[in-house]
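What follows draws every value from the coordinates through simple rules; no lab data is involved. Bear in mind that the values here come from a model prediction, so they are computed numbers and not experimental data. In this analysis, Cβ positions are derived from the backbone assuming ideal geometry, glycine residues included, and neighbour counts consider all displayed protein chains.
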Amino acid sequence: MLAIKAGTLIDGKGGDPIQNAVLLVEDDKIIAAGPDGVVKIPDGALIVDASDRTVMPGLIDCHVHVMRNSASLEQRLFTPRAVSYYRAAENLAKMLRAGFTTARDAGEADAGIRQALETGLIPGPRLVVSGTIGLTGGLLEKRYPSGAEIVDENAWRICDGVEEVRKTVRRVLREGVDFVKVFTTGGVGAPQGHPFTAQWTLAELRVIVEEAQRYGAGVMAHAEGVEGIKLALRAGVTSVEHGYVLDDEAIELFLTTGAFLVPTQHISTHETSGLSAASLRKKQQLRKAQEGSLRRAHDAGVRIALGTDSFRADMHGRNAIELSLMMENGGLSAMEAIVAGTSVAARCCLLGEEVGALEAGKRADFLLVEGDPLADIAILQDAARITVYQKGVLVQ
Ligand SMILES: [Zn+2]
């Protein structure tokens, strides 16, 4: 039994911070968390004195690409898949050291990486993996004005029409993924399509959701413009990724469906490198249209979950920057940002019963933080100030 004496305890659910708290851990589970005295330290418990630290749940990033290290398509094409796996291992280790004990990969990382992590073969966060499907002419299809096309079934599968979509989703689910990833709008980077244009029919999307649900999996929808966002929400997806442009109807749909918004502010506001002139134009149009959307969603009570869209080598492990950006761009308080990165993110990953909060029964993934992240959220960007415990064990 492990007893952590916490100067301050943040539960991850938005409860008032508790001064002089105790967190009890047995094996990989939390047994109790609360004020010292209310939670009694049993005889023989190994005591960790963190009375000068803030203790909080491990952070969760709902949108990463651990297999990617570059925005450059050419670089990806010239990287053997085995190298990408080793790089992924490195990225995952960085993320864990930065205090992220759970992450959801938005494509390419497979059930094998998840298993390597679960069995302790490589260090890293608990990983939720997804399989990606796309449609003809959609964002994923790597077809160029020359007529040349890149096909990579490891990374995406193209299908159209209800029955073909159903079969493809089943093939993706057969590989043991936790989520199906779809794109319901175009994007900035691809040569074709636009973030403002919706993709798929409602019937196709409903089949994707139906098959995923049957399997116990979720659906995450890349959607940037409002039409595609509403389409995804009407189909019943678990979460909308990016979700940049929102109108009242979209916000209402979030509230009635209970879907999560993963606003990926890091990629939205900070990244323009490597974009073509056409892509930059799309990005500018998007930025103009998205102004104030996240703030309105937050004010209305939409469930917001932390996600960075980290896909470059230098982004992995810097995930906590998203906490600051959600505060800046969405008006979240520090506590709300932490909740978005813990208990809400856990639910968005369909792991709400297992991780994301310091309470009895949850997995003992927690952080000892030097300083008060509620007073200065940027503290969480400094790995040197964070001690990580995963499944009750100190991460070295
Ligand atoms: Zn992404």
Quiz item: Mind listing the phi-derived Karplus ³J(HN,Hα) values for region 157-172, rounded to whole Hz, using 6.51, -1.76 and 1.60 with θ = phi - 60°, and x for any glycine or proline?
Solution: 10, 9, 8, 9, x, 3, 6, 5, 5, 4, 5, 5, 4, 5, 5, 5
Quiz item: Is region 208-340 best put as rounded, prolate or oblate by its Cα gyration tensor, with a ≥ b ≥ c the root eigenvalues, rounded for a/c under 1.5, and otherwise prolate when a/b is larger than b/c, oblate when not?
Solution: rounded
Practice problem: Based on other C-beta atoms within 10 Å, arrange D382, D314, D110 from fewest to most. | Solution: D314, D382, D110
Quiz prompt | Ranked by how many other beta carbons lie within 10 Å on average, peptides 259-268, 126-135 from highest | solution = 259-268, 126-135
Quiz item: Along the charge dipole of the chain, Cβ charges K/R +1 and D/E -1, which of S268, S51, V172 sits furthest on the positive end?
Solution: V172
Quiz prompt | For G107, residues with placed amide H under 5 Å, excluding near neighbours | solution = S130
Quiz item: GNM, the chain, Cα, under 10 Å: largest mean-square fluctuation among G352, G225, G15?
Solution: G15
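Need one word for region 59-348: rounded, prolate or oblate. Basis is the Cα gyration tensor (sqrt eigenvalues a ≥ b ≥ c); a/c below 1.5 gives rounded, then a/b vs b/c decides.
rounded
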Self-check item: Helix-derived mean residue ellipticity, 222 nm - over the chain, DSSP H n ≥ 4, -39500 (n - 2.57), to 500
Solution: -9500 deg cm²/dmol
Self-check item: Degrees, to the nearest 10: 321-330 long Cα axis against longest axis of the chain
Solution: 70
Quiz item: So for region 59-348: antiparallel DSSP bridges make up what percent, rounded to the nearest 5?
Solution: 10
Exercise. List every residue whose amide H lies under 5 Å from the amide H of H222, counting only residues 5 or more places away in sequence or on a different chain, with H placed 1.01 Å from N in the peptide plane.
Key: V182, F183, T184, E241
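Taking neighbour counts of Cβ atoms within 10 Å as a proxy for exposure, in what order, fewest first, do F254, F100, F196 appear?
Least crowded to most crowded, the residues run F196, F254, F100.
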Practice problem: With a ≥ b ≥ c taken as the square roots of the eigenvalues of the C-alpha gyration tensor of region 62-129, please select rounded if a/c is under 1.5 and otherwise prolate if a/b is larger than b/c or oblate if it is not? | Solution: prolate
Quiz item: Highest mean first, what order results for 5-14, 89-98 on Cβ atoms within 10 Å?
Solution: 5-14, 89-98
Quiz item: Sorted from fewest to most neighbouring beta carbons within 10 Å, what does the list C348, C159, C62 look like?
Solution: C159, C348, C62
Quiz item: What length, rounded to one decimal in nm, is gained on full extension from D382 through to E175, with 0.36 nm per residue of separation minus their alpha-carbon distance?
Solution: 70.9 nm
Quiz item: On a 0 to 90 degree scale, rounded to 10, what angle separates helix 202-215 from the longest Cα axis of the chain?
Solution: 40
Exercise. Work out the length of the dipole vector of the chain about its Cα centre, built from +1 on the beta-carbon of each Lys and Arg and -1 on the beta-carbon of each Asp and Glu, and round it to the nearest 20 debye.
Key: 800
Practice problem: Using only Cα atoms, find the angle between the long axis of helix 81-97 and the longest principal axis of the chain, and express it within 0 to 90 degrees, rounded to the nearest 10. | Solution: 40
Quiz item: Taking only pairs that are 8 or more places apart or on different chains, how many Lys pairs in the chain have Cα atoms under 24 angstrom apart?
Solution: 29
Practice problem: Would you look at the GNM of the chain, springs on alpha carbons closer than 10 Å, and say which of A103, A378, A33 moves the most? | Solution: A378
